[in-house]
Amino acid sequence: MKKIIALIVLLLLWFDAHSQNNFLRSAEEQAINLLKTQIVNLRGDSARLHNQIIQLQGDTTTTQGQIAAQQLLTQKFDAEKTRNAINELSEIGQQSQYLEKLRKNLENYGLFNDGLKKVIEEIVKIDENRIAGGIPSITAQKRSEILTVISKFMFDYDFRFSDYPYLSEVINEIMIRKYGNVDENISDLLNRLQ
């Protein structure tokens, strides 16, 4: 969580230093507002997740299957393992909000994984069409386009960092690399999602 907050702070500082015109400033403000909302949601989700873990530790009906199902979201997407975990969760007699949310997250994992692949492919196309080469105006415009693509994914998919830890790591890696060098190639990150 500290990495995410640090990344967002850097992102906010970056936006302040690199805004070029009203269009870019507007896109940046929308992205910042979306990221601020995600931070608030992440803090709330983190507290809820902590409470759920404590509840699970004390709950004698908790199975190894539930823990394994939660662990799947911290790993590279595997359709067969995910399908098996969903089936196992469906067979648990005592249902709860936690189990329902976990099942929903697992059901959407493949969709979110595919959506993030499209994000990376779109960013790679942006990279192919424009090289900033250290020119401040092009760098700012390119960063804005990349951030817009990521923000659109987060908004369209109602993506929450705490629900999909593995995918969150990939998003963070994109942001870190592109913050350091907007022209850096990120196509290798597709391998983490295949």
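The values are calculated or read from the model by the stated rules, or taken from the named source; none is laboratory data. The structure displayed is predicted, hence computed values, not measured ones. Glycine gets a Cβ as well: all are built from the backbone with ideal geometry, and neighbour counts include every protein chain shown.
A search for C-beta distances below 9 Å between a residue of segment 69-94 that is in contact (Cβ under 8 Å) with a residue 24 or more places away in the chain and any residue that is acidic (Asp, Glu) and buried (at least 16 other Cβ atoms within 10 Å of the Cβ), counting only pairs 6+ apart in sequence or on different chains, returns ALA69/GLU88; LEU73/ASP163.
Restricting segment 113-127 to residues that are closer than 23 Å to THR74 by Cα and of a type in the set (A, V, I, L, M, F, W, C), which is surrounded by the most Cβ atoms within 10 Å (Cβ to Cβ)? Don't jump to the end; show me each part of the working.
Filtering segment 113-127 down to residues closer than 23 Å to THR74 by Cα leaves 113-121.
With the extra rule that they be of a type in the set (A, V, I, L, M, F, W, C), the set shrinks to 116, 119-120.
Working: LEU116: 26, VAL119: 23, ILE120: 22.
Once the filter is applied, the top-ranked residue is LEU116.
Mind checking which residues of segment 148-194 are closer than 29 Å to GLN97 by Cβ, of a type in the set (Asp, Glu) and out of contact with any helix residue (DSSP H, G or I) (no Cβ under 6 Å at 6 or more places or on another chain)? Of everything in segment 148-194, those that are closer than 29 Å to GLN97 by Cβ, of a type in the set (Asp, Glu) and out of contact with any helix residue (DSSP H, G or I) (no Cβ under 6 Å at 6 or more places or on another chain) turn out to be ASP156, ASP158, GLU169. Apart from one condition, LEU89 fits all of (1) farther than 25 Å from LEU190 by Cα; (2) surrounded by fewer than 16 Cβ atoms within 10 Å (Cβ to Cβ); (3) in contact with a Leu (Cβ under 8 Å, 6 or more places away or on another chain); the exception is (2).
Looking at segment 58-65, is at least one residue more than 16 Å from GLU184 (Cα to Cα), in contact with a Leu (Cβ under 6 Å, 6 or more places away or on another chain) and not acidic (Asp, Glu)? Yes, because at least one residue in segment 58-65 is more than 16 Å from GLU184 (Cα to Cα), in contact with a Leu (Cβ under 6 Å, 6 or more places away or on another chain) and not acidic (Asp, Glu). Cβ-Cβ distances below 6 Å connect the following pairs, each with a first residue in segment 113-134 that is free of Cβ contacts under 8 Å to residues at least 60 places away in the same chain, a second residue that is assigned to a loop (DSSP other than H, G, I, E, B) and of a type outside the set (Ser, Thr, Tyr), and a separation of six or more residues or different chains: ILE131/ASP183; ALA132/VAL182; ALA132/ASP183.
To keep it simple, each residue is scored yes or no on (1) surrounded by 14 or more Cβ atoms within 10 Å (Cβ to Cβ); (2) modelled with pLDDT under 95.
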{"position": "SER96", "(1), (2)": "yes, yes"}
{"position": "LEU106", "(1), (2)": "yes, no"}
{"position": "LEU111", "(1), (2)": "no, no"}
{"position": "ASN129", "(1), (2)": "no, yes"}
{"position": "LEU167", "(1), (2)": "yes, no"}
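Look at segment 166-193: where a residue is within 20 Å of GLN38 (Cβ to Cβ) and without any contact (Cβ under 8 Å) to a residue 40 or more places away in the chain and a partner is surrounded by 14 or more Cβ atoms within 10 Å (Cβ to Cβ) and not charged (D, E, K, R), sitting 6+ places away or on another chain with Cβ atoms under 9 Å, you get GLU173/ILE186; GLU173/LEU189; ARG177/ILE186; ARG177/LEU189.
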